[in-house]
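Chemist: The structure under discussion is supplied below as structure tokens; questions concerning it will follow.
The values are calculated or read from the model by the stated rules, or taken from the named source; none is laboratory data. Values in this document were obtained by computation on a predicted structure and should not be read as measured data. With ideal geometry, Cβ positions are generated from the backbone for all residues, glycine too; neighbour counts draw on all protein chains shown.
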């Protein structure tokens, strides 16, 4: 089966090994580009529109999870279907079980030829099903189906790095003020949203802004999932603080939270949360 692919892997020898094994497991696959970081992966994916993405979960700068979210958000509204997504991981058996539990494809480092052949077979099957469904299904339905698959995969990949998974929900956030001179105990019920920004995560209440160093992906397992919703790769909002959901001229959803003046953009991956509203 002919198809095109992009490989994003920051370790050159592992990238070469994956490329070489793919030539054996899938001779008809054309690898359009091999890049070493998430930003390059986003740029090349949006420029070349490959049918398959192999993304290393851990890369410098923008990691594989962030790259996948950005690609999903910026994928053009063309006849080109969103690609099949395969994560490349060096995580341990716990992480592998997290992927297997979701029946999700992944490539484990170092590359194992038998496992790669199984992944290739499943990706080929998914591409064939996608092509067969295209003439009959509405483009919007196909897009939502692919976005649903990406959400499952990104969720499973994100949980593999969450050392605090299973911990009791937080009641307070220990955060510093923006001047960095005072530490505050912020009640979780006062927090309206979290936003990742550079080396910090901003903690926004109706009156104040605080900063914490805990990455968003480590913070999220400690939050009540029914209360705090991820709406963008860098933003988690308190669901019961959502006052308005608007759609702009380009079709993007914008949130307005009670007590906050700014509008928050909803990523395409999370727009389904507001479809019934």
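Chemist: Of everything in region 187-207 that's out of contact with any strand residue (DSSP E or B) (no Cβ under 7 Å at 6 or more places or on another chain) and at pLDDT below 95, which residue is nearest to residue 262 (Cα to Cα)?
Modeler: Among them, the one singled out is 207.
Chemist: Just name the residue that is surrounded by the fewest Cβ atoms within 10 Å (Cβ to Cβ) out of those in region 265-277 that are out of contact with any strand residue (DSSP E or B) (no Cβ under 7 Å at 6 or more places or on another chain) and assigned to a loop (DSSP other than H, G, I, E, B).
Modeler: Step one: list which residues in region 265-277 are out of contact with any strand residue (DSSP E or B) (no Cβ under 7 Å at 6 or more places or on another chain), which gives 268-269, 272, 275-276.
With assigned to a loop (DSSP other than H, G, I, E, B) added as a condition, the list becomes 275-276.
Numbers: 275: 8, 276: 5.
My answer is 276.
Chemist: On to the next question. Could you tell me whether any residue of region 233-251 is under 22 Å from residue 168 (Cβ atoms) and touching a helix residue (DSSP H, G or I) at 6+ places or on another chain (Cβ under 8 Å)?
Modeler: yes
Chemist: Regarding region 238-248, can at least one residue be identified that is in contact (Cβ under 8 Å) with a residue 40 or more places away in the chain and more than 19 Å from the chain's Cα centre (by Cα)? Reasoning before the result, please.
Modeler: Within region 238-248, the first condition is being in contact (Cβ under 8 Å) with a residue 40 or more places away in the chain, and the residues that meet it are 238, 241.
Going one step further and asking which of them are more than 19 Å from the chain's Cα centre (by Cα), we end up with 238, 241.
The answer is yes, given that some residue of region 238-248 is in contact (Cβ under 8 Å) with a residue 40 or more places away in the chain and more than 19 Å from the chain's Cα centre (by Cα).
Chemist: Going by what's in this entry, would residue 219 be described as surrounded by 14 or more Cβ atoms within 10 Å (Cβ to Cβ), at pLDDT below 95, assigned by TED's automatic domain parsing to the domain that holds residue 177 and not in a loop (DSSP other than H, G, I, E, B)?
Modeler: Details: surrounded by 14 or more Cβ atoms within 10 Å (Cβ to Cβ): yes; at pLDDT below 95: yes; assigned by TED's automatic domain parsing to the domain that holds residue 177: yes; not in a loop (DSSP other than H, G, I, E, B): yes.
Here the answer is yes, as residue 219 does meet what is asked.
Chemist: Looking at region 174-194, can you tell me whether even one residue there is within 23 Å of the chain's Cα centre (by Cα) and surrounded by fewer than 14 Cβ atoms within 10 Å (Cβ to Cβ)?
Modeler: For region 174-194, residues within 23 Å of the chain's Cα centre (by Cα) and surrounded by fewer than 14 Cβ atoms within 10 Å (Cβ to Cβ): absent.
Chemist: Also, quick follow-up: Considering only region 232-264, how many residues are closer than 17 Å to residue 201 by Cβ, part of a strand (DSSP E or B) and either modelled with pLDDT of 95 or more or in the same structural domain as residue 146 (by TED's automatic domain parsing) (or both)?
Modeler: So the count comes out to 6.
Chemist: Here's another thing I want to ask about it. Checking the structure you have, find out if any residue of region 32-45 is in contact (Cβ under 8 Å) with a residue 60 or more places away in the chain and more than 18 Å from residue 113 (Cα to Cα).
Modeler: no
Chemist: Would you confirm, using the coordinates I've provided, whether residue 47 is within 20 Å of residue 123 (Cα to Cα) and either under 15 Å from the mean Cα position of the chain (by Cα) or modelled with pLDDT of 95 or more (or both)?
Modeler: The answer is no for residue 47.
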